[in-house]
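S.K.: Shown below is the structure under consideration.
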Amino acid sequence: MTRSEFIAVVAPVAVKVRVDGGPLFPSVSIAQMLLETGGRLNSWNNLVGYKVGEGTRTPYWDGKAVNKKTWEVYEGRVETPTADFRAYPSIEYCLKDQALLFFRLQQRYKRVIEAKTPKEQAEMLQACGYATDPNYASKIWAIIGSDHLENYDREAEKTVEAIKELTEQVARLRKEFETLQKRGNMEIPPWAKDAVEAAVRAKLIDTPDGGSFDFYRLVTILHRAGLIPEA
């Protein structure tokens, strides 16, 4: 799999998770996946180096795990221990489980969540201790630049804005519909009461209730024109 093919697979997922409310900029998420995997997909769909940790189940992780060799930097020394990594049924579940981690541990990852730019967010991932690599932030930022990943941030922003506009439009249409419903099933206006009562007495209408504004206006005009006979 080429680097561009890897990005083509993971980028739409990163954008979707961001649109759904995830904290990571898509550019940061994609760059992190490239850095953590070397641009290779794996069968357990964990592309962000998320270890089992305390093992708490989530809506996106059911407890499955794989034991793999990894590398960490401790006091300047590179070590290569094995670790248990969470296994997922899909990449989307992986990224959404990672998002839950950030929100659940807000005290630790508050600066990641509140970052205003991809560069700041990459720096905060390192500052908050997501990885032990002392060059983690600079590597992520370099990947973002070399692969032009900020294009995906703009794609997510446009999608969020489009959804917002559609939501507002639906709300307006719902309000208009409710207004029309009320107008089509309104109580008799005071100014139409005599005309409606006359129309009922003349047996021109069965019931005075539940008419529309236009109906009551028409009955009133007919009554005032003397076209509704008085019983």
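The values are calculated or read from the model by the stated rules, or taken from the named source; none is laboratory data. In this text the structure is predicted, and so the values were computed from the model without any measurement. Here Cβ is always computed from backbone atoms with ideal geometry, including for glycine, and neighbour counts include all displayed protein chains.
S.K.: When you go through (1) assigned to a helix (DSSP H, G or I); (2) under 27 Å from the mean Cα position of the chain (by Cα); (3) modelled with pLDDT of 90 or more one by one for E176, which number turns out not to apply?
M.R.: Exception for E176: condition (3).
A quick yes/no check of all residues on (1) within 26 Å of the chain's Cα centre (by Cα); (2) farther than 26 Å from Y50 by Cα; (3) of a type in the set (K, R):
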{"site": "C128", "(1), (2), (3)": "yes, no, no"}
{"site": "T132", "(1), (2), (3)": "no, no, no"}
{"site": "Y136", "(1), (2), (3)": "no, no, no"}
{"site": "A142", "(1), (2), (3)": "no, no, no"}
{"site": "H148", "(1), (2), (3)": "yes, no, no"}
{"site": "D153", "(1), (2), (3)": "yes, no, no"}
{"site": "A156", "(1), (2), (3)": "yes, no, no"}
{"site": "V160", "(1), (2), (3)": "yes, yes, no"}
{"site": "E165", "(1), (2), (3)": "yes, yes, no"}
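S.K.: Select from segment 117-147 the residues that are among the acidic types (D, E) and without any contact (Cβ under 8 Å) to a residue 40 or more places away in the chain and list them in ascending order.
M.R.: E120, E123
S.K.: Testing T132 on (1) modelled with pLDDT of 95 or more; (2) surrounded by 14 or more Cβ atoms within 10 Å (Cβ to Cβ), one condition comes back false. Which one is that?
M.R.: Of (1) modelled with pLDDT of 95 or more; (2) surrounded by 14 or more Cβ atoms within 10 Å (Cβ to Cβ), only one is false for T132: (1).
S.K.: Taking interchain pairs and intrachain pairs at least six residues apart, which have beta carbon atoms under 6 angstrom, with the first residue in segment 51-68 and assigned by TED's automatic domain parsing to the domain that holds L95 and the second in a loop (DSSP other than H, G, I, E, B) and loosely packed, with under 11 Cβ neighbours inside 10 Å?
M.R.: G63/R57
S.K.: Restricting attention to segment 152-198, and to residues there that are in contact (Cβ under 8 Å) with a residue 40 or more places away in the chain and either among the hydrophobic types (A, V, I, L, M, F, W, C) or in contact with a strand residue (DSSP E or B) (Cβ under 8 Å, 6 or more places away or on another chain) (or both), which single residue is nearest to V219 (Cα to Cα)?
M.R.: I163
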